[in-house]
Amino acid sequence: MQLHGCSWSVLRAFNFALVVLTAVLFATTGCTNKTTGAAAAAGPVDVEVVNVQQRDVPIFSEWIGTLDGYVNADIKAQVTGYLMEQAYQEGSFVKKGQLLFQIDPRPFQAALDLAQGQQAQAEGQLAQARAQLSQAEAQVAVAEANQRRTQLDVDRYTPLAQQKAITQQDLDNATQNNLAAKAQVESAQAQVATSRAQIIAAGAAVQSAKATAETAQINLGFTRLISPIDGIPGIAQQQVGSLVSPASPTITTVSTVDPIKVYFTVAEQEYLDFHRRYSTPATLDAERKGLRLELILADGTIYPQSGSFYFADRQVDVRTGAIRVAGLLANPGNTLRPGQYGRVRTALRVQPGALLVPQRAVNELQGIYQIAVVDGDNKVNIRPVKVGDRIGSDWIINQGLKPGERVVAEGIQKVRQGMQVNPKLFAGK
């Protein structure tokens, strides 16, 4: 009896579950039919479309750029001394020749005064030597005049002595006087040579003293650390009271920032591709000069001043396979500063007859790009395409589309292959 009651309970539970399952299936079937009917009644899906555009477009290349001063002048001490004054405001514009720092000039002024005194003394000795030369030359003239007179006496007495008109003693006296006069001439000439040697020595002493004075003058000038260029100085690395010397690090750096340089690295393949397009150095140089560089700042804005090509480095970096290129940008107001980063772009070539569609019309899935094309019967055809470069908000389509075809730009997520749609003009175009 107990087994029979248990079997009856199981049978009742099975029948109840069967009734519930039948009700659920009926309800589901009814909902499906209602949904299908509602979809059919709703009609074609509304989508926004654009026509495929065809035109010549410039192809831009883009690189990471770093700004640097057109000229960066390091300000360093050339003499040893204490900084007494900082004569500029950090970050402000300075002119060429403007005083930046003053080193204590007193020791160098004293050295200059001493050198100038020694130079004056040497110049006095030179003047004295020249006066002695003049005196020696005058003595030579007197001695030569005396010698000529005594020579005349000898010439006159010699025939008289032979005629016994005068005594031999008179001739001997005249001869001795002539020899003495010749000796005086030689002595005076030796004094002239000595005076000339003294002039040479005194002149050398003057030149040495003058060089010492000029060196002292230069060292005194080095106590004034001036800006060698127009530009903006950086933060001072040494403060007033610091002892500086030629071995000290850079005190500050002044940079010319108008124009300002931008450095960027170009891949070797891209560099070669650009050069292969031009057959002669003249055409290559003309194309380089015609390049216009755009700088995209860190906040995404485009710098209003376009730049120009400046130079390419002499070598390719063997570690990266890239070459460093520099451009120049006008920088009125000194807005741009060395050390800033940005993106540099320029149009290196023009692609003729490029097909363009909005980027939002292209659907990417696992590296495959697809576009929903609407045919003349307003039916959707999902096509794979090959994309090229991005131009602003558009994408170049290299393969898979024809000019003038309509593609879905808004509502692409709602369409399926073969679906009937109601196309409208894309509001964003």
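The values are calculated or read from the model by the stated rules, or taken from the named source; none is laboratory data. All values reported here derive from a predicted model rather than from experimental measurement. FYI the Cβ positions are ideal-geometry reconstructions off the backbone, even for glycines, and counts take in every protein chain you see. Please note that ligands, DNA and RNA were not included when accessible areas were found on the heavy atoms of the full protein model with its side chains. Shrake-Rupley method; radii C 1.70, N 1.55, O 1.52, S 1.80 Å.
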Those residues of segment 258-269 which are touching a Gly at 6+ places or on another chain (Cβ under 6 Å) and part of a strand (DSSP E or B) amount to VAL262, PHE264
query: Has segment 78-88 got at least one residue that is out of contact with any strand residue (DSSP E or B) (no Cβ under 8 Å at 6 or more places or on another chain) and under 30 Å from GLN207 (Cα atoms)?
result: yes
Picked from segment 53-78 (must be assigned to a loop (DSSP other than H, G, I, E, B) and open to solvent by 10 Å² or more (accessible area, probe 1.4 Å)), the residue nearest to GLY339 (Cα to Cα) is LYS76
Those residues of segment 259-271 that are without any contact (Cβ under 8 Å) to a residue 60 or more places away in the chain and either in contact with an Asp or Glu (Cβ under 9 Å, 6 or more places away or on another chain) or closer than 27 Å to TYR70 by Cα (or both) come to a total of 3
Across segment 189-213, the tally of residues that are open to solvent by 80 Å² or more (accessible area, probe 1.4 Å) and out of contact with any helix residue (DSSP H, G or I) (no Cβ under 8 Å at 6 or more places or on another chain) stands at 2
Result of the Cβ filter at 6 Å on segment 321-338, keeping first residues that are closer than 25 Å to TYR271 by Cβ and partners that are assigned to a loop (DSSP other than H, G, I, E, B) and open to solvent by 10 Å² or more (accessible area, probe 1.4 Å), at least 6 apart or interchain, is LEU329/GLN305
Residues of segment 142-162 being open to solvent by 60 Å² or more (accessible area, probe 1.4 Å) and of a type in the set (A, V, I, L, M), in sequence order, are VAL142, LEU152
Of (1) aliphatic (A, V, I, L, M); (2) without any contact (Cβ under 8 Å) to a residue 12 or more places away in the chain; (3) open to solvent by less than 70 Å² (accessible area, probe 1.4 Å), LEU365 fails just (3)
Considering segment 79-133, residues that are of a type in the set (Ser, Thr, Tyr) and at pLDDT below 95, and then whichever is surrounded by the fewest Cβ atoms within 10 Å (Cβ to Cβ), we arrive at SER92
Only one of VAL373, VAL344, VAL385, VAL407 is closer than 14 Å to GLN54 by Cβ, modelled with pLDDT of 90 or more and either assigned to a strand (DSSP E or B) or touching a Leu at 6+ places or on another chain (Cβ under 8 Å) (or both), namely VAL407
Note on ALA165: of the conditions (1) aliphatic (A, V, I, L, M); (2) surrounded by 13 or more Cβ atoms within 10 Å (Cβ to Cβ); (3) more than 30 Å from the chain's Cα centre (by Cα); (4) over 20 Å from PHE222 (Cβ atoms), unmet is (2)
Those residues of segment 318-340 which are farther than 19 Å from SER306 by Cβ and of a type in the set (Gly, Ala, Ser) amount to GLY321, ALA322, GLY339
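One line per residue, one yes/no per condition, for (1) at pLDDT 90 or above; (2) in contact with a Phe, Trp or Tyr (Cβ under 7 Å, 6 or more places away or on another chain); (3) assigned to a helix (DSSP H, G or I); (4) among the acidic types (Asp, Glu):
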{"position": "THR150", "(1), (2), (3), (4)": "no, no, yes, no"}
{"position": "ASP155", "(1), (2), (3), (4)": "no, no, yes, yes"}
{"position": "ASN177", "(1), (2), (3), (4)": "no, no, yes, no"}
{"position": "VAL185", "(1), (2), (3), (4)": "no, no, yes, no"}
{"position": "SER195", "(1), (2), (3), (4)": "no, no, yes, no"}
{"position": "ILE200", "(1), (2), (3), (4)": "yes, no, yes, no"}
{"position": "ILE232", "(1), (2), (3), (4)": "yes, yes, no, no"}
{"position": "ILE235", "(1), (2), (3), (4)": "yes, no, no, no"}
{"position": "PRO246", "(1), (2), (3), (4)": "yes, no, no, no"}
